[in-house]
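Right, one structure below, let's go through it.
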Amino acid sequence: MSKLFMQVQENISLAEHTTLRLGGLARFFISVHSVEELREAISFAQKNEYPIYVLGGGSNVLFSDMGWNGVVIQMSLLGRSYDEDSRGDAQVVACAGEIWDQLVEETVGQGLWGLENLSRIPGTVGAAPVQNIGAYGVEVKDVIDWVEVLDTTTNRLHVLSVTECAFGYRDSIFKHKEGSAYIVLRVAFRLSTHPSRRLEYKDLYEYFGTRTDVSVKEVREAINKIRDNKFPSLAKVGTAGSFFKNPTVRKSVHKELESWLDAPVPCYIVDTDHVKIPLAWILERLGWKGKRLGAMGCWENQPLVIVHYGGGTAGELILFARTIMKEVQEKTSIKIVPEVNIVTN
Ligand SMILES: Cc1cc2nc3c(=O)[nH]c(=O)nc-3n(C[C@H](O)[C@H](O)[C@H](O)COP(=O)(O)OP(=O)(O)OC[C@H]3O[C@@H](n4cnc5c(N)ncnc54)[C@H](O)[C@@H]3O)c2cc1C
């Protein structure tokens, strides 16, 4: 029998591996540091017919109070490399378990443009394409070159192009049936050595005004300051960031909403027929900003961020979120959906 590299832990608290600090136990928990360990963990699960859940930093998942009756595989593969591409820009390749913000800090420190607007997003590199993380006018798909995956059904490695990843708003192939067997191993980014500022987002525009000479380090500093004011400290409360997606609606729905509320409703153009409405604006209008019910609440500076003040359960959070979803639908006729991955089995 071949030597086992991986360590299988049993009955591990998922609350301790998620930033919401909620959820029951993982029957088996395996932290993998290499592709070999990952293959072993998959084979262990498949031989025993245990379902697999792939975990990064746990900053966008809510496990139920029943936990995960199967194998949770935590991606801890590390490694980063830098190369120059044919245009003189940088190609940066990072393994799935790398901490996202450490990569951003490092690339910004090297004067590379592309990741700075995505500063301070918690979590790992491997989850970034899964969620197509986005902030301050940039989505990670804008700078991804390719994504290397392991197909758990064939045990083979594949390199997916940006088109094959089918990125959308907090969406990608990995969140759908066609990509559900893929585990992200490495992500390659195309970063520019020349300034390519993305400062049109309201908060950044207000911060820098009409300045055109802003450095990449200054953009990161600005984002960090803006985020410090907007998000709660993970050291103090549990949260997974924005709990819901901003709804995309037909322009006619947006117009109706304006006439019901008898007020202009902010929106961003998506295409000729659709706009995206900042849900925080609706939640504030409905009185959710800073509202607390038991152990759960909507954050005082950003109501889209649900916080767990401690001592609560996943069930309570789900109930809290459902209450918000119901009220938004009743008062605006808009159906909202969670951005956070709610996991049950
Ligand atoms: C305070 C706070 C602020 C946030 N701000 C933002 C923000 O501005 N923009 C934004 O987009 N998000 C934001 N988030 C959400 C979160 O940080 C991102 O979604 C992040 O990418 C999640 O990374 P993670 O490693 O923690 O993933 P997890 O939470 O561990 O997993 C998220 C999903 O990805 C899957 N997954 C993880 N790793 C892999 C892999 N290697 N292969 C395949 N599937 C995988 C999981 O199965 C799960 O479905 C915020 C969260 C918090 C707590």
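Bear in mind these aren't lab numbers, they're just calculated from the coordinates by the rules spelled out. Being a predicted model, the structure only gives us computed values, none of them experimental. Cβ placement follows ideal geometry from the backbone for every residue including glycine, while neighbour counts extend to all protein chains displayed.
Label sites at L78 and H158, each approximated as a point 7 angstrom past Cα along Cα to Cβ, lie 3.1 nm apart. Our estimate of slack between E206 and M66, defined as 0.36 nm per intervening residue step minus the Cα-Cα distance, is 45.9 nm. As a proxy for reagent exposure, ranking R39, R21 by other Cβ atoms within 10 Å from fewest up yields R39, R21. Put in line by how crowded their Cβ is, counting other Cβ atoms within 10 Å and starting with the fewest, C165, C267 read C267, C165. To the nearest 0.05, how large is the calculated FRET efficiency for D273 and D145 if R₀ is 30 Å and r is the Cβ-Cβ distance? So the FRET efficiency works out to roughly 0.45. Other residues whose C-beta falls under 15 angstrom from the C-beta of S259 contribute a net charge of +2, scoring Lys and Arg +1 and Asp and Glu -1.
Helix-only arithmetic for the chain: the sum of -39500 (n - 2.57) across DSSP H runs with n ≥ 4, divided by the residue total, places the mean residue ellipticity at 222 nm at -8000 deg cm²/dmol. Only helices reaching 30 angstrom along their own axis (Cα) with mean Kyte-Doolittle hydropathy no lower than 0.5 count here, and not one DSSP H run of the chain does. Among W288, W299, the ranking by other beta carbons within 10 Å of each residue's beta carbon, starting with the fewest, stands as W288, W299. Annotation for S333 and S196: the two label points, set 7 Å from Cα along the Cα-Cβ direction, are 4.2 nm apart.
What shape does the stretch 42-81 have by the C-alpha gyration tensor, where a ≥ b ≥ c are the square roots of the eigenvalues, rounded means a/c under 1.5, and otherwise prolate means a/b greater than b/c and oblate the rest? Judged from the Cα gyration tensor, the stretch 42-81 comes out oblate (a/c at least 1.5, b/c at or above a/b). Cross-link pairs exceeding 23 Å in C-alpha to C-alpha distance, out of K230/K255; K276/K326; K141/K291, comprise K230/K255; K141/K291.
Classify the chain as rounded, prolate or oblate from the Cα gyration tensor: take a ≥ b ≥ c as the square roots of its eigenvalues, call it rounded if a/c is under 1.5, otherwise prolate when a/b beats b/c and oblate if not. Judged from the Cα gyration tensor, the chain comes out oblate (a/c at least 1.5, b/c at or above a/b). Applying 0.36 nm per residue to the separation of I99 and S13 and subtracting their alpha-carbon distance, the gain on full extension is 28.8 nm.
For the listed peptides 149-155, 220-226, a ranking on the average number of other beta carbons within 10 Å per residue, highest first, reads 220-226, 149-155. For the pair K291 and E178, label points projected 7 Å from Cα toward Cβ lie 3.9 nm apart.
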